[in-house]
Structures are given as C-alpha cells and as structure tokens.
Amino acid sequence: MSILAVGSIAFDNIATPSGRADNVLGGSATYFSLAASYFTDVAVVAVVGEDFSAEHENVLKKRRINTEGIEHASGKTFRWGGQYLDNLNEAKTDFTELNVFEKFQPRIPASCRNCEFLFLGNIHPSLQAAVRLEMDHVRMTGGDTMNFWIQGARKELVETLKLVNVLLINDGEAKMLAGEKNLPRAAQKVLALGPQAVVIKHGEYGATIFFREGAFGIGSHPFRAPALPIDEVKDPTGAGDSFAGGFMGYIASQPELNREVLKRALFYGGVMGSFAVETFGTERLQSLTREKIEARFQIFRELTHIE
Ligand code: AMP
C-alpha cells in the first residue's frame, strides 16, 4: 500500500519561545511524507525552485520517499514565516511567498497513479482537487487546509471538500470554516460539506474525530485522543502535517479501513506530532525508528488506559 501526497515544500522562518530558525526545510508535503514514511511507501507531488538543492531532496530520498513528482521550476521555492511567541498552539503568519506555487500544475508520477491513499496537503484547494480528479483508484483521501485558504479561496475549498473523505484541521480553522463557535456543531457543519469524518486537532490537547452517521462503520459518536505531554516544545511547525502523516501512514498500512483503525490512527498521529515539535524543522522526523514510534505509542496507551 502506498500514499501519494501533494502539498507544499517550503523554506520556513520560524520564531518560538525557544529561539528562531531561518530558511529551514519545511512545508506540508515535507513533514507529512517524512512522518508517513515510517509506516508505508510515500510519493510526493510538489514544486520547488532553483534554491532547492540535491541535499534538500536527499532528506526525502534517505527515507525512501519517491520524489519523481517534485517539479523543479525556475524561480524561488515557496517561503513561509511564522511565530508562536504568544501561543504555541497556533502560528501567527508573518509572511507567505507563493513563488513557484503561483504557476504550479501538479503532475502525478506514473509509479503512483494507482495509489490507493491520497493526502491533499495544505496548498490552494483547486490544486488539491486537480490531483484528486486524476487518481482513479483511491480508497481514501485525507485533506488539510488552513485559514489562509479558508479566507482566500473559500469557494474552491468548498468544492474540494466534496472530494475529501477525512478532513484534518485545527479547532480555530474548523470554527472559521463552519462559521460556528461550538466545536461539535462546527464539526457537523463541516461534515455536511462532504467529508465522512473530520479530525479536529487541539494542539497540545490532542485531537477528536467526528464521524458522519454510518461512515466507516456503525454509530456516530466522536472519539478523542489526548496529546503526549512533551517537556519542551521547541517548534510546533509541522505538528499538524506530521500528525496527518502518522494518521494516514498507519491507515495505509492496515488491511481494513474501519472506525477502530481510524481511532488507533489518531494515536499514531499524536505520536508523530509529538516527535516533530521536539526540534526546529524536520530534524527529529529524519532519524526515527519504528521501535521509537512504538515505544511512544505504548506510553500513550498507558496514559489513557483504565481498568
Ligand atoms: P503545520 O503542520 O500546520 O504546522 O504546517 C506547517 C507548514 O505549512 C510549514 O512548514 C509551512 O511552510 C507550510 N505552510 C504555511 N502556510 C502555507 C500555505 N498557505 N500553503 C502551503 N503551505 C503552507
């Protein structure tokens, strides 16, 4: 089983209470594919500029990520600057420079045209939809978005949501998308836009999955997984995408697609998010092992289990 992931590859400038880092490799596709690569094969569709070197690409290749779908365009790679000085759970964007993204036309590598799992990372919703419409054998599409697109491309986003099975967004984005302050009601409004399930991430407090009645099995009860308490959160950037990578990666590695698998996937998402925030950029995600991931999954179990 393998996953095709489309999203941003970026150079980020990040400021957090632990310090700052400039020009670090980031982007939704980067964090997602590194996290998912510990569970399944991953192919990336993205665009980079001339400032993206072979060394940068090797970060992905070392994790056996298929980079055939990365287009090298003339110009500069997408850049994002953000800070978490007031609130570690929510980035305040300083700047967004689309650069090579402005003219990006995603091209799906032949080797992943039949992939059964698709992740539409945080990029313009029209590009997300274009990729989904080219994939004929998809069993499950996960999707992400953010306030930048909810405000700037709402109409296109609403169309794209009809093509997404599981949407992963944070609290604030869910409320903004739904125009509703109460979380369960916001989740129901988001589900009415198309997805069969919505995973709402609460930063350091975990994540809740809301199901549409009857989707992925019987029932409609939501399910919540906490986040692992981490001693020092150095850089929250990429926590959401790494969460999505663990979540989708685990699902793609399982023979069945049902509620129990989706619930367990929330914990694997939490595990990968917890690793991502321990260093600036993607450093921690580059050198994990499945054993370290399972050990943290066990801690999660003990944290939440009662007799
Ligand atoms: P998150 O997991 O939500 O913290 O995602 C962080 C990554 O999203 C950063 O590495 C940014 O480069 C990337 N990013 C920020 N804004 C955008 C945007 N408007 N479109 C695509 N990617 C973005």
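For the pair GLU68 and ARG264, what calculated FRET efficiency results from E = 1/(1 + (r/R0)^6), where r is the Cβ-Cβ distance and R0 = 35 Å, to the nearest 0.05?
0.70
Applying 1/(1 + (r/R0)^6) with R0 = 22 Å to the Cβ-Cβ distance of ASP22 and GLU294, what FRET efficiency is obtained, to the nearest 0.05?
E between ASP22 and GLU294, to the nearest 0.05, is 0.05.
Between LYS162 and LYS181, how many nm apart are label points set 7 Å from Cα along the C-beta direction?
The modelled label-to-label distance comes out at 3.3 nm.
Mind checking which of ALA207, ALA265, ALA295 has the largest fluctuation in a GNM of the chain, springs on alpha carbons under 10 Å?
For the chain, modelled as a Gaussian network with Cα springs under 10 Å, the answer is ALA295.
For the chain, return all DSSP H helices satisfying: extent of Cα atoms along own axis at least 20 Å; mean Kyte-Doolittle hydropathy at least -0.5.
259-276
Calculate, for GLU102 and GLU307, the FRET efficiency according to 1/(1 + (r/R0)^6) with r their C-beta to C-beta distance and R0 45 Å; round to the nearest 0.05.
E(calc), rounded to 0.05, equals 0.20.
Explain nothing, just the number: relative contact order of the range 131-213, from Cα pairs under 8 Å at least 6 residues apart, as a whole percent.
25
Using alpha carbon coordinates only, what is the Rg to Rh ratio of the range 2-304, with Rh defined as the Kirkwood radius?
Here Rg/Rh amounts to 0.93.
Need one number: % antiparallel among DSSP beta bridges in the chain, to the nearest 5.
About 35 percent, rounded to the nearest 5.
Say we join alpha carbon atoms closer than 10 Å with springs in a Gaussian network model of the chain; which of GLY270, GLY49, GLY121 then has the biggest fluctuation?
GLY49
Using the Kirkwood formula on the Cα atoms of the range 205-276, what hydrodynamic radius do you get, in angstrom to one decimal?
Averaging 1/r across every pair of different Cα atoms and inverting gives 12.7 Å.
Rounding to the nearest 20 debye, state how big the charge dipole of the chain is about its Cα centre with +1 on each Lys and Arg Cβ and -1 on each Asp and Glu Cβ.
700
Which of the GluC sites (Glu not before Pro) found in the range 212-298 are loop residues per DSSP with 14 or fewer other Cβ atoms within 10 Å of their Cβ?
GLU213, GLU232, GLU256
Starting with the fewest neighbours, write out VAL233, VAL261, VAL271, VAL166 ranked by other beta-carbon atoms found within 10 Å of each beta-carbon.
Ranked by crowding around the Cβ, least crowded first: VAL261, VAL233, VAL166, VAL271.
Would you work out the relative contact order for the chain, in percent, from Cα pairs under 8 angstrom that are 6 or more residues apart?
Relative contact order for the chain comes out at 18 percent.
Based on other C-beta atoms within 10 Å, arrange GLU173, GLU156 from fewest to most.
Ranked by crowding around the Cβ, least crowded first: GLU156, GLU173.
Determine, at each q value in 0.14, 0.15, 0.16 (inverse angstroms), the log₁₀ of I(q)/I(0) that the Debye formula gives when each Cα of the range 1-151 is one equal point scatterer.
Per q value, in the given order, log10 I(q)/I(0) is -0.66, -0.76, -0.86.
Loop only per DSSP, at most 15 neighbouring Cβ atoms within 10 Å: give me the GluC sites (Glu not before Pro) in the range 24-86, ordered by residue number.
GLU50
Filter the trypsin sites (Lys or Arg not before Pro) in the range 37-116 to those in DSSP coil with at most 12 other Cβ atoms within 10 Å of their Cβ, and list the result.
Qualifying residues, ordered by number: LYS62, ARG64.
With label points built 7 Å along Cα→Cβ from the Cα atoms of HIS221 and LEU257, find their separation and express it in nm.
2.5
Coordinate-derived values only; no laboratory data. Given the structure is predicted, the values throughout are model-derived calculations rather than measurements. Don't worry about glycine lacking a Cβ; one is built from the backbone with ideal geometry, like all the others, and counts go over all protein chains shown.
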